[in-house]
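Here is the structure we will look at, set down as structure tokens.
The values are calculated or read from the model by the stated rules, or taken from the named source; none is laboratory data. None of these values were measured; they are calculated from a predicted model. Neighbour counts are summed over all protein chains in view; Cβ atoms, including those assigned to glycine, are modelled from backbone coordinates with ideal geometry. With ligands, DNA and RNA removed, areas are computed over all heavy atoms of the protein, side chains included. Shrake-Rupley method; radii C 1.70, N 1.55, O 1.52, S 1.80 Å.
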Amino acid sequence: MKSNNLVAPLLWAALYFVFGYVSHALNGSFVATGYIWLPAGITVSALLLTPTARWFPLLVLLFAAQILLGWLEHRELWRMALFCLDEIGVAAIAVWLVRRAPFPMEGLYFVRGLLMVGVGASVVSGIFGAAWFVMTQDTPFWPTLRVWALSDLVGILIMTPVLASWSQFRATRSGGIARTEFLLGLAAFIAVIATGYIAFDSDLDRIIFDIDFSSTYLPLFFIALVALLWGGRGGALSVAVLSLMAFVYNSLGRGPFVELVQLNSSNALLELQVYLAVASLLSLLISALKTTREQLHEDVARWKSEVELALTVSRQLVYSINPEKKTIAWSGDVQSLLGLPPDKFTTLDDALKLVHPLDQHRMRQRWLEDNRNEGDEGNEGDDVREDLPFRLLLSNGRVIGATDMSRSLHDPDGSLVMVAGTWHFDAADLAQGRSEK
């Protein structure tokens with residue numbers, strides 16, 4: 001059992017080591033710090049996806065991965081230990097503070113929590129790191145803090161959405177993305193790669209359109225499309241691919257940011273970091289809004305199904321009438337109770353045709369005429385009326401008994417706005433009808 005509990009921390013530590021090595025390779029030689037630190041995203045993802053009670057082995061293995069990384073690069077181990085305390089320790093505190101409240105891993109709550117952890121951890125760790133470099137290497141505080149904090153924040157915004165979304169992936173037998181949406185999303189994903197190549201490793205935009213930085217906005221448009229069509233997983237994956245392309249091309253001395261980067265300009269690093277941070281936030285917000293909307297639709301559909309089932313079990317139909325348009329909308333199992341599809345009587349006249357001829361006048365009067373009590377003439381709300389027993393004459397000639405329980409809503413001037421009510425059917429009549437079938 002204990003060995004099973006170490007599998008996930010070992011995998012997180014391996015990811016930390018690999019992406020730490022990749023980050024150092026992409027950063028090259030910069031003063032004080034590089035412009036990307038992907039392990040920051042690995043750390044936040046691991047802490048968010050691991051129960052707090054299991055943090056100890058995870059933190060120990062993440063520390064060990066960073067120490068091993070520093071040893072391979074021939075750095076002083078005591079400096080690496082201080083770096084671990086700064087980066088990993090501050091991230092653990094930030095995640096713990098956010099997780100004190102319920103923290104769902106989806107929707108706008110995820111974006112809010114991720115920004116709180118990302119901004120808080122990156123700024124605090126950046127302050128300690130910049131202060132350390134000021135004391136030991138006499139580097140300027142503000143430029144070091146700015147690059148350090150943004151390198152952590154960009155790493156968190158790039159890696160955490162990918163790991164958090166795909167770690168919760170579950171294959172389903174049905175549902176999922178429709179074929180058309182999948183193909184359009186695939187085309188948009190390919191367009192992200194193509195426009196990323198044009199922006200960072202091609203002169204086509206300069207030759208054909210005589211533009212330079214403007215082409216870097218094209219991948220952002222297609223990332224938004226991927227997030228809309230494929231959701232959070234696809235959007236996060238497209239941001240990760242664009243980030244990898246941008247950093248690789250910049251490390252090779254290519255792309256619109258490269259001229260300033262070659263001069264070790266912190267402004268150039270800032271521009272690249274902000275560019276990728278905006279891409280990630282764009283994908284996060286779109287996918288969060290999409291997830292929230294889909295969840296709302298699912299809740300409404302579930303609520304409607306539960307109401308429909310409750311109405312069917314209780315032998316009831318619920319309706320609402322628009323007196324101005326003379327239309328009526330039904331809820332409940334109309335087909336089972338009346339033997340007709342609901343689209344066959346969407347108007348008031350169609351519904352009245354189901355009522356027994358001897359009861360039609362009373363029902364029309366009940367629905368459309370002012371039935372408020374004489375003592376309620378000044379009432380602007382609902383009327384007060386008794387339940388009305390009546391009969392229905394179905395298409396097969398069968399007569400069943402029912403009770404109408406309805407209320408009407410009036411404007412302040414007394415005009416009828418809406419009528420809503422319920423038809424409750426007689427159980428004996430319904431049972432007799434079913435036995436005759």
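See the values below:
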| item | result |
| --- | --- |
| Unique residue being among the basic types (Lys, Arg), open to solvent by 50 Å² or more (accessible area, probe 1.4 Å) and farther than 16 Å from Phe110 by Cβ when the list is Arg293, Arg315 | Arg315 |
| Of residues in segment 371-402 being in a loop (DSSP other than H, G, I, E, B) and buried (at least 16 other Cβ atoms within 10 Å of the Cβ), the one modelled with the highest pLDDT | Arg385 |
| Segment 229-250 residues that are on the phi > 0 side of the Ramachandran plot, paired with ones that are open to solvent by less than 10 Å² (accessible area, probe 1.4 Å) and not polar (S, T, N, Q) (beta carbon under 9 Å, 6 or more apart) | Gly231/Gly185 |
| Test: residue in segment 329-339 that is part of a strand (DSSP E or B) and in contact (Cβ under 8 Å) with a residue 24 or more places away in the chain | yes |
| Positions within segment 296-312 being open to solvent by less than 100 Å² (accessible area, probe 1.4 Å) and of a type in the set (Asp, Glu), in sequence order | Glu298, Asp299, Glu308 |
| Out of Ile42, Ile36, sole residue that is modelled with pLDDT of 90 or more, surrounded by 19 or more Cβ atoms within 10 Å (Cβ to Cβ) and touching a Gly at 6+ places or on another chain (Cβ under 9 Å) | Ile42 |
| Segment 135-153 - residue that is over 17 Å from Ser23 (Cα atoms) and among the hydrophobic types (A, V, I, L, M, F, W, C) and, of those, least open to solvent (accessible area, probe 1.4 Å) | Leu145 |
| Ser320 being part of a helix (DSSP H, G or I) and of a type in the set (Gly, Ala, Ser) | no |
| Pair list, Cβ under 7 Å, 6 or more apart: segment 132-160 residue in a loop (DSSP other than H, G, I, E, B), other residue of a type in the set (Val, Ile, Thr) | Thr139/Val31 |
| Matching residues in segment 219-258 - criterion: being among the aromatic types (Phe, Trp, Tyr) and open to solvent by 20 Å² or more (accessible area, probe 1.4 Å) | Phe221, Phe222, Trp230, Tyr249 |
| Any chance Arg100 is over 26 Å from Trp142 (Cβ atoms) and part of a loop (DSSP other than H, G, I, E, B) | yes |
| Residue list for segment 154-189, restricted to those being β-branched (Val, Ile, Thr), at pLDDT 80 or above and surrounded by 12 or more Cβ atoms within 10 Å (Cβ to Cβ) | Val154, Ile156, Ile158, Thr160, Val162 |
| Residue check, Leu62 of a type outside the set (Ser, Thr, Tyr), under 34 Å from the mean Cα position of the chain (by Cα) and open to solvent by less than 20 Å² (accessible area, probe 1.4 Å) | yes |
| In segment 336-370, the residues that are of a type in the set (Lys, Arg) and modelled with pLDDT under 85 | Lys344 |
| Selected residue (only one of Glu87, Glu73 is open to solvent by 40 Å² or more (accessible area, probe 1.4 Å) and touching a residue at least 12 places away in the same chain (Cβ under 8 Å)) | Glu73 |
